[in-house]
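**Student:** One structure coming up, written as structure tokens, with questions to follow.
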Amino acid sequence: MKQFTLRLSLFVISFSLWGLFVASAQINMNRIDDKIRANEISEMKFGMFICWSFSTFSGQEWTPTEGKDATYFKATGCNTDQWCKVARDAGMGYILFLTKHHDGFCLWDTKTTEKKVTNSPLRIDVLAKLRKSCDKYGIKLAIYFSEGDWTFPGATSLKDGGKNPEMKKAQLKELLTQYGPIEYIWFDHAQGDGGLTHEETDQWVAQFQPNCLPGYNHGTPAGRIRLGELGGPSALDDISGAGAYNQHSAGYKGFIAAEFTYPILPKHEGGAMWFYSLPKHDQLCLPAEKLYADYLGAVKYGNIFSLDVGPDYKGRIRDVDVKTLRKVGRYIRGKEILPINSIK
């Protein structure tokens, strides 16, 4: 019996290591020419930004970290296949997934902290599950990452993300070596750079995935992709599409691609906007015509458009979002015709 248990343990370890090897083997360590890489990113066109974390359950955009461990994440399910199928039906080419928000809660099975999803009641490595679903449905994967967080030394909840450069580096190394190719990283600078400058962060990312484009929503201009938080379509050399937070990056010459993002939820009182808001807002959703118009703008300028969609407590995309996104997909595929004069 002991010999069988030992063999079983060795098999499980070998299988896990093989999974990591396969993920790493898919990563191209040869840097692709900028023009070719820019075209590859541009061809993704439209994607789903998944924001799912503590703020899903707090009803607030930013969730104070005090007194909250991993069990605060109370999700009762995690339907990554649904996310990817809805994305595919909507004509999307990628998913941008929130791996860690300012509260420091990690949506992957990190070794850097106990504040992680595998210690929550869900007990699932959501990023690993999403990677499998993306591969199943032919969807590419990008990630969001808060540079600073309120678990770092010197941090003040809701005000300052503190500094822990070694933690930031360790977390990024896990994300870039264990989950296959990452198209780009949406770095959120709202709580500082975590003690690792943007130039240093660029270099750190490149050594693990040279074709993954780092981007920063504000802070010191850096990276290879221009982010547009609450932005819109515009040419790469036209900073107007970068949104209010990133206007200071005008003149920076390192961008080879441009992204913009905003939530599918319209402005409303109370509750979050980037995350699932509250059940009372379950029927609020931007019209498919607005989303399709910005999709056309993204295609016109070679941008990518990351539409934020927040899964609910059960880990599913809201019915109203599914209905709206499928309608956008029909417009994109020409299955439903939108009168030109209705696009503003």
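The values are calculated or read from the model by the stated rules, or taken from the named source; none is laboratory data. Source: prediction; values computed, not measured. For neighbour counting, all protein chains shown are included, and Cβ atoms are generated from backbone atoms with ideal geometry for every residue, glycine included.
**Student:** Looking at segment 283-311, which of the residues that are part of a loop (DSSP other than H, G, I, E, B) and in contact with an Asp or Glu (Cβ under 8 Å, 6 or more places away or on another chain) is surrounded by the most Cβ atoms within 10 Å (Cβ to Cβ)?
**Tutor:** Asn303
**Student:** In segment 45-59, which residue that is of a type outside the set (A, V, I, L, M, F, W, C) and within 30 Å of Ala298 (Cβ to Cβ) is surrounded by the most Cβ atoms within 10 Å (Cβ to Cβ)?
**Tutor:** Within segment 45-59, the match that is surrounded by the most Cβ atoms within 10 Å (Cβ to Cβ) is Ser53.
**Student:** Next up: Condition check: crowded, with 17+ Cβ neighbours inside 10 Å and touching a Pro at 6+ places or on another chain (Cβ under 8 Å). Does Ile124 satisfy that?
**Tutor:** When the stated conditions are applied, Ile124 does not pass them.
**Student:** Same structure again: If you check Asn119 against the conditions, is it among the polar types (S, T, N, Q) and surrounded by 21 or more Cβ atoms within 10 Å (Cβ to Cβ)?
**Tutor:** When the stated conditions are applied, Asn119 does not pass them.
**Student:** Quick check on my filter: what residues within segment 154-194 are farther than 24 Å from Met44 by Cα and buried (at least 23 other Cβ atoms within 10 Å of the Cβ)?
**Tutor:** Gly161, Lys168, Gln171, Gln191, Gly194
**Student:** Name the residue, out of Tyr216, Tyr262, Tyr252, that is at pLDDT 95 or above, touching a strand residue (DSSP E or B) at 6+ places or on another chain (Cβ under 9 Å) and within 14 Å of Ile304 (Cα to Cα).
**Tutor:** Tyr262
**Student:** Picking from Phe57, Phe97, Phe49, which residue would you name as being touching a Ser or Thr at 6+ places or on another chain (Cβ under 7 Å), in contact (Cβ under 8 Å) with a residue 12 or more places away in the chain, outside any loop (DSSP other than H, G, I, E, B) and among the aromatic types (Phe, Trp, Tyr)?
**Tutor:** Testing whether each residue is touching a Ser or Thr at 6+ places or on another chain (Cβ under 7 Å), in contact (Cβ under 8 Å) with a residue 12 or more places away in the chain, outside any loop (DSSP other than H, G, I, E, B) and among the aromatic types (Phe, Trp, Tyr) leaves just Phe49.
**Student:** Then there's this: Out of the residues in segment 103-158 meeting the condition of being of a type in the set (Lys, Arg) and not in a helix (DSSP H, G or I), tell me which one is nearest to the chain's Cα centre (by Cα).
**Tutor:** Only one residue fits best here, namely Lys140.
**Student:** Return only the number of the condition from (1) surrounded by fewer than 23 Cβ atoms within 10 Å (Cβ to Cβ); (2) farther than 20 Å from Ser133 by Cβ that Arg88 does not satisfy.
**Tutor:** (2)
**Student:** Still on this structure, I have one more. Return a yes/no flag: does segment 284-298 have any residue that is within 17 Å of Ser55 (Cβ to Cβ) and touching a residue at least 40 places away in the same chain (Cβ under 8 Å).
**Tutor:** Checking segment 284-298: not a single residue is within 17 Å of Ser55 (Cβ to Cβ) and touching a residue at least 40 places away in the same chain (Cβ under 8 Å).
**Student:** If Glu200 meets every condition in (1) without any contact (Cβ under 8 Å) to a residue 40 or more places away in the chain; (2) closer than 17 Å to Ile225 by Cα; (3) touching an Asp or Glu at 6+ places or on another chain (Cβ under 8 Å) apart from one, which number is that one?
**Tutor:** (3)
**Student:** Further question: Out of segment 71-94, which residues are assigned to a loop (DSSP other than H, G, I, E, B), more than 11 Å from Leu325 (Cα to Cα) and not charged (D, E, K, R)?
**Tutor:** Across segment 71-94, the qualifying residues are Phe73, Ala75, Thr76, Gly77, Cys78, Asn79, Gly93.
**Student:** What is the one condition in (1) touching a Leu at 6+ places or on another chain (Cβ under 9 Å); (2) under 30 Å from Arg330 (Cα atoms) that Gly93 does not satisfy?
**Tutor:** (1)
**Student:** Between a residue in segment 148-160 that is more than 12 Å from Trp62 (Cβ to Cβ) and any residue that is of a type in the set (Val, Ile, Thr), which pairs come within a Cβ distance under 9 Å, given they are 6 or more apart or on different chains?
**Tutor:** Short answer, once both residue conditions are applied: Thr151/Thr65; Thr151/Thr113; Ala155/Thr65.
**Student:** Taking the residues in segment 116-162 that are modelled with pLDDT of 95 or more and basic (Lys, Arg) as candidates, determine which candidate is farthest from Tyr179 (Cα to Cα).
**Tutor:** The selected residue is Arg123.
**Student:** Please verify whether Leu20 is modelled with pLDDT under 95, surrounded by 12 or more Cβ atoms within 10 Å (Cβ to Cβ) and among the hydrophobic types (A, V, I, L, M, F, W, C), treating the condition exactly as stated.
**Tutor:** Spelling it out, Leu20 is indeed modelled with pLDDT under 95, surrounded by 12 or more Cβ atoms within 10 Å (Cβ to Cβ) and among the hydrophobic types (A, V, I, L, M, F, W, C).
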